[in-house]
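The block underneath contains the structure these notes are about, expressed in structure tokens.
The values are calculated or read from the model by the stated rules, or taken from the named source; none is laboratory data. In this text, all values refer to a predicted model and were calculated from it rather than measured experimentally. We place every Cβ from the backbone using ideal geometry, glycine too, and count neighbours over all the protein chains shown. Please note that ligands, DNA and RNA were not included when accessible areas were found on the heavy atoms of the full protein model with its side chains. Shrake-Rupley method; radii C 1.70, N 1.55, O 1.52, S 1.80 Å.
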Amino acid sequence: NTLFFPGLTAMEKKLAEYKCNTNEAIQLKLVRFPEDLEDDNTTFNPEYSHQVFGDDEVAFGYKGLKILLYYIAGNLSTLFRIEYTSKVNEKFDCVEADDVESKIREIIPPGFCTNTDDFISLLEKEVNFRPFGMLLHTYSIHNVEAGEDITYQIYKADMTCPGFREYHERLQTFLMWFIETASFIDVDDERWNYFLVFEKYNKDGATLFATVGYMTVYNYYVYPDKTRPRVSQMLILPPFQGEGHGAQLLETVHRYYMSSPTVLDITAEDPSENYVKLRDFVLVKLCQDLLCFSPVKLMQGFSQEMVTEAQQKLKINKQHTRRVYEILRLRATNMSDAEQSRSYRLDIKRRLIGPYKKKQRELAKMRRCLRPEEMTNQLNQIDLNLQREQLEESFQQLVSDYRRVLERLAQA
């Protein structure tokens, strides 16, 4: 190629300089005070941008690209601006820069500001913003930096709250940047519930509210007269992560549904690893005082009594109750006692081996209808030693996850 097009590699090199990583280019802010606009400490970046910019998360055609998405902390009014030091098609005729603006416009609702002055004048009206819906829970967390306790509130909202529909459109844009497989929901379906977390803060002697995070829950119908709420999306915004808000939110949502006689139990759609850890902590915290989980009963093994009591009192399903039992039994077990430790190990492995046993039953069925040589191929895939290794590995991983839950519980 170089023979015929000697300029190509130089051109390619030049073009490569016009590629920007969109996770770095996108700069997000939650703004409370005008000075936040100039403060780099208030900026955070997406974890993902592939849903908007493709799998390689690259925007082509710009040098020094900045995609500014600034939100007023409470009602999330938006400033959207694009800045760059140079753009490719100003210099070359043959290539075109990506249309970054229209890609962002596809996910953010219309009505955003494009200049700082308009945004700052909206910021002055933020004092009128109030959370939507019904207050469910208030809690406070000690903030070391501020040297004081900060108050947070959790509300349940729905689309009948004035202004909530528009607010939710702005809020859900964050999903694209922080949940790998995010999608926007159909807000006209009335079976959605929305739970929102806000921080109360002071500005010039007035109390204002900042958005911290939220959760959407879909109420599935269960014949004949029950519902099964399913957690769909949950996001604590990055500036607030690691402070315990997720646990407060999930526990509040559980308590909200616990009081409803028509709710069967609560599930989650395609939960992430982090969500499972969070749920383990919250459910163990809720269950640890139930009589069916007393140390004596834990040592007798998993029982129907546990399933029934956890479902009736706390709306927890059987599968999650089993995990709660395993975590609480670990706490009640002296793992340096050979007999207790062996008994615990067998109990967990019996559950873990379920899927392997199922595979073996399927093989037995195949054995009846396959020719011998085909069968040998199938059998070779399941090596018993490998199975033992995988089982031991799964067990060790579970125990270390469970220990982390118990550590967090001890600190709570």
What's the Kirkwood radius of region 130-331 in Å, using all Cα pairs? 18.3 Å
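For the chain, what % of the accessible area comes from carbon and sulfur atoms, probe 1.4 Å?
Values: 10810 of 22480 Å².
The value for the chain is 48 percent carbon and sulfur by accessible area.
Can you tell me the order of 314-326, 157-169, 220-232 when each peptide is scored by its average per-residue count of other Cβ atoms within 10 angstrom, highest first? Walk me through the numbers before you get to the answer.
Values: 314-326: 19.8, 157-169: 15.8, 220-232: 13.8.
Descending mean neighbour count gives 314-326, 157-169, 220-232.
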D189 and A16 label points (each 7 Å along its Cα→Cβ direction) are spaced in nm at 4.6 nm
Nearest 10 degrees is fine. How inclined is helix 384-411 to the longest principal axis of the chain, computing both from alpha carbons? 70 degrees
Magnitude of the Cβ-charge dipole (Lys and Arg +1, Asp and Glu -1) of region 7-126 about the Cα centre, nearest 20 debye, reported as 180 debye
Once you've got the Cα coordinates, tell me which of K125/K200; K125/K156; K156/K277; K200/K313 are over 21 Å apart. K125/K156; K156/K277; K200/K313
In nm², the average projected area of the convex hull spanned by the Cα atoms of region 7-126 is 8.4 nm²
22 Å Cα-Cα reach of K358 towards lysines, excluding residues that sit fewer than 8 places from it in its own chain: K318, K349
For K357, which aspartates and glutamates qualify as cross-link partners when the Cα separation must be under 15 Å and same-chain residues fewer than eight apart are set aside? D383
Angle, helix 354-369 long axis vs. longest principal axis of the chain, Cα atoms, 0 to 90°, nearest 10? 80 degrees
Please state, to two decimals, what the Cα-based radius of gyration of the chain comes to when divided by 2.2 N^0.38 Å (N = residues). 1.24
Taking amide H positions as placed 1.01 Å from N in the peptide plane, with prolines and chain starts having none, which residues 5 or more places from L30, or on another chain, fall under 5 Å of its amide H? Y71
List every residue whose amide H lies under 5 Å from the amide H of G213, counting only residues 5 or more places away in sequence or on a different chain, with H placed 1.01 Å from N in the peptide plane. V197, L237
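Among the trypsin sites (Lys or Arg not before Pro) in region 4-63, which ones are in a DSSP loop with at most 14 other Cβ atoms within 10 Å of the Cβ? Mind listing them? Before the final figure, lay out each step's value.
Values: sites: K13, K14, K19, K29, R32, K63; in loops: R32.
Listed in order of number, the matching sites amount to none.
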Checking E199, E126, E339 against a Gaussian network model of the chain (alpha-carbon springs below 10 Å), the top fluctuating residue turns out to be E339
Top positive-direction residue, dipole computed over the chain with Cβ charges, set N89, F33, Y71: Y71
